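All remarks here apply to the structure that follows.
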Amino acid sequence: MGLHDIAGAVCRALTVRKDGPSLYDVCDPLLLKYRGGDAHLGKFYRTALGNPALRGLLRRTGLPALRDGARLGALQAALREARDAEAPDWTAVGAPIAALMEGIDVRHPAPAVAAPARAPAAAEIERIIRACGAHLLRAYGKNGFIPTYAAFNLIGDADIGGRELLMALTGLNSRGYKNSTLLFNLARIFIAHSPARALINPPWRGIAEPMWEPMQIRHRSAYYDAFFTEALLSFVETGLASGQETSAARGAIADMVDFCLRISAEEVPSHDGSTVNVITALAPLPHPRFSRFFAQIKQDLGFGIYVPDCDTTACAFSAATQAGSEHPILQQPLLDFYRGYQVTSGANEPRVTVPLNDNIDYEGGVVTWIDNLAGDRPYGNDLDPTLNLDILEVSFRNLVRWRILETPQRLETVHRIIDFQRRLVESGAFRNPRSHIYYLPELYCAYFGRCYAAFIALPLAAQRLIDPGGAFAMIRAQVLLYVERELIAHEMNAFDAALALMALAHLGAEVATFTPALHCIVASFGEGGRRGPYKAYEWNKMKTPTRILVGGPEVTSAFVLMALALARRRMANP
């Protein structure tokens, strides 16, 4: 949005005719000041929704539906129960809000068909690889780590409607997360009916959402360090890094692997009664490197409890393996641990307590969140398809070390995850954003390419034992069809293009199909201004408590670097 558009949206929000009770008419009498009950609900309201900036934008936005005294009374009664009850009936609490969510009309992007593009010269590709590698090393040198950012989009996620709100309220374990989910979704309704909607959720080009300035929360996590480790390994492998850059990259890689395997390691209970070392989503302070201001805000908003997750553990182990680490933690056969978190229909307790993507069959999939030693599970649990690709990928890289082929139980765990992926792709559900909890379908395609590359690097005999039914060949064909006929056939931003190019290059597509993605990446170079070669885009997200995006200019540089490195290698050996 230009300055004129921003000013217009603000002016319309400040002067709109009020047509019914506003968010603050509903909540101020209940949540602004009170004694007793749950103190966090009021603190969250005052911090997140009652702040002066948002209050100014939404104070004149009323809901005509709440002119009905009965509906207004039911909504306020639900908020009172959430505030005062020791154990609220969250289905009853969420029902009035779920009913009001029907008209918010939040949709996934639908990019226009793209115009023909030209293939860039090899020199342009190499120039961008060098620039992106230098950007990552510059960020590491400045900060002592490569930062990633989180930003709230208060309009929420298109896949979260009233039904999904109730799933979250009943499936999340932490009362703080229930409170934040409740109030964020209430605010969504008013934002959707306000002229401020155009300011909070402006349109964008492509599929991955840009992260509008200002970036809100800079932080460090083992998941991101694992990803940046792979990117810097890719940079070194291109041969385009200078001697000084190569040395700096190796130093950064060693530090990030140490951050993953030592600083972020956490002991958790396994399902056989033993304990296992996994990798936590967010290491204790000061390691996440939050600013003092945002560390306090995070605490005030109720995001204080973090537990390990299966994805961070898999990606950290994989990056360390690729970097040649011999850390003792890597000797643990993760498949034995993951088996305890694998969904078995009709046999174990329902592991998926927040089934936002219940359009897919969970059988054989591994859920996301790991119970810590204290038994905390604040997010409940969910199941993401891309996470399960990461489990396969790290298993292929450690096939010999973990004696997977020689251990029937471990091989069976792999077979069941592959069968979960086969059913997902055969049904076509992998194309549907609703099927994914933390990622976009295009990222699923890029990460399948990464997993496929690890698979075909195995000896043929091992491939046949792992995939006797040929599921990987079928999935490869379907993913390529989606990328070639849908993704690159429409307008992309640089992040979309990098993901498409990763999938095409890893999956052995014809080099000619690289052109649209390469053209987009080259044409977008420099869009990041002073922050880097490219803008920040949505890499992953939390759909609850609201749409929280994670990414950053450095993340885009890393994806572009890896995609161009893969494409360059394929173009040199078509």
Quick one: count up the residues across the stretch 483-496 that are open to solvent by 20 Å² or more (accessible area, probe 1.4 Å) and either in a loop (DSSP other than H, G, I, E, B) or touching a Lys or Arg at 6+ places or on another chain (Cβ under 6 Å) (or both).
2
Filter the stretch 326-368 down to the residues that are in contact with a Cys (Cβ under 8 Å, 6 or more places away or on another chain) and not in a helix (DSSP H, G or I) and list them by number.
Tyr341, Val366, Val367, Thr368
When you look at Gln409, is it out of contact with any strand residue (DSSP E or B) (no Cβ under 8 Å at 6 or more places or on another chain), polar (S, T, N, Q), surrounded by fewer than 19 Cβ atoms within 10 Å (Cβ to Cβ) and not in a loop (DSSP other than H, G, I, E, B), yes or no?
yes
Any residue that is within 24 Å of Gln216 (Cβ to Cβ), of a type in the set (A, V, I, L, M, F, W, C) and in contact with a Ser or Thr (Cβ under 8 Å, 6 or more places away or on another chain) - is there at least one of those in the stretch 499-507?
no
Could you tell me whether Trp369 is open to solvent by 10 Å² or more (accessible area, probe 1.4 Å) and among the aromatic types (Phe, Trp, Tyr)?
yes
Given the conditions (1) of a type in the set (Ser, Thr, Tyr); (2) within 17 Å of Gly364 (Cα to Cα); (3) at pLDDT below 95, which single one is not true for Ser395?
(3)
Determine the pairs where a residue that is within 15 Å of Cys132 (Cα to Cα) and free of Cβ contacts under 8 Å to residues at least 40 places away in the same chain, located within the stretch 504-527, has a partner that is of a type in the set (A, V, I, L, M) and buried (at least 24 other Cβ atoms within 10 Å of the Cβ) with Cβ atoms under 6 Å apart, the partner being 6 or more residues away or on another chain.
Ser524/Ala494
Could you say whether any residue in the stretch 419-431 is within 23 Å of Gly161 (Cβ to Cβ), within 14 Å of the chain's Cα centre (by Cα) and open to solvent by less than 30 Å² (accessible area, probe 1.4 Å)?
no
Is it fair to say Arg531 is of a type in the set (D, E, K, R) and crowded, with 16+ Cβ neighbours inside 10 Å?
yes
Under 6 Å between Cβ atoms, which residue pairs at least 6 apart in sequence (or on different chains) link something in the stretch 25-52 that is without any contact (Cβ under 8 Å) to a residue 60 or more places away in the chain with a partner that is open to solvent by 60 Å² or more (accessible area, probe 1.4 Å) and not β-branched (Val, Ile, Thr)?
Gly37/Asp84
Test each condition in (1) at pLDDT below 95; (2) open to solvent by 40 Å² or more (accessible area, probe 1.4 Å) for Glu126 and report the one that comes out false.
(1)
Looking at the stretch 383-401 only, could you name the residues that are open to solvent by less than 10 Å² (accessible area, probe 1.4 Å) and either part of a loop (DSSP other than H, G, I, E, B) or more than 30 Å from Pro459 (Cα to Cα) (or both)?
Leu383, Asp384, Asn398
Unique match (being part of a loop (DSSP other than H, G, I, E, B) and open to solvent by less than 30 Å² (accessible area, probe 1.4 Å)) among Ile437, Ile475:
Ile437
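Residues are listed down the side, and each one gets a yes or a no for (1) open to solvent by 40 Å² or more (accessible area, probe 1.4 Å); (2) closer than 25 Å to Pro195 by Cα; (3) assigned to a loop (DSSP other than H, G, I, E, B):
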residue: Gly8; (1), (2), (3): no, yes, no
residue: Asp25; (1), (2), (3): yes, yes, no
residue: Leu41; (1), (2), (3): no, no, no
residue: Arg55; (1), (2), (3): yes, yes, no
residue: Leu75; (1), (2), (3): no, yes, no
residue: Glu86; (1), (2), (3): yes, no, yes
residue: Thr91; (1), (2), (3): yes, no, no
Within the stretch 24-64, the residues that are closer than 30 Å to Ala7 by Cα, within 30 Å of the chain's Cα centre (by Cα) and of a type in the set (A, V, I, L, M) are Ala48, Leu49, Ala53, Leu54, Leu57, Leu58
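The values are calculated or read from the model by the stated rules, or taken from the named source; none is laboratory data. This structure is a prediction, so every number in the text was calculated from the model and none was measured. In this analysis, Cβ positions are derived from the backbone assuming ideal geometry, glycine residues included, and neighbour counts consider all displayed protein chains. Accessible surface areas use protein heavy atoms only, side chains included; no ligands, DNA or RNA. Shrake-Rupley method; radii C 1.70, N 1.55, O 1.52, S 1.80 Å.
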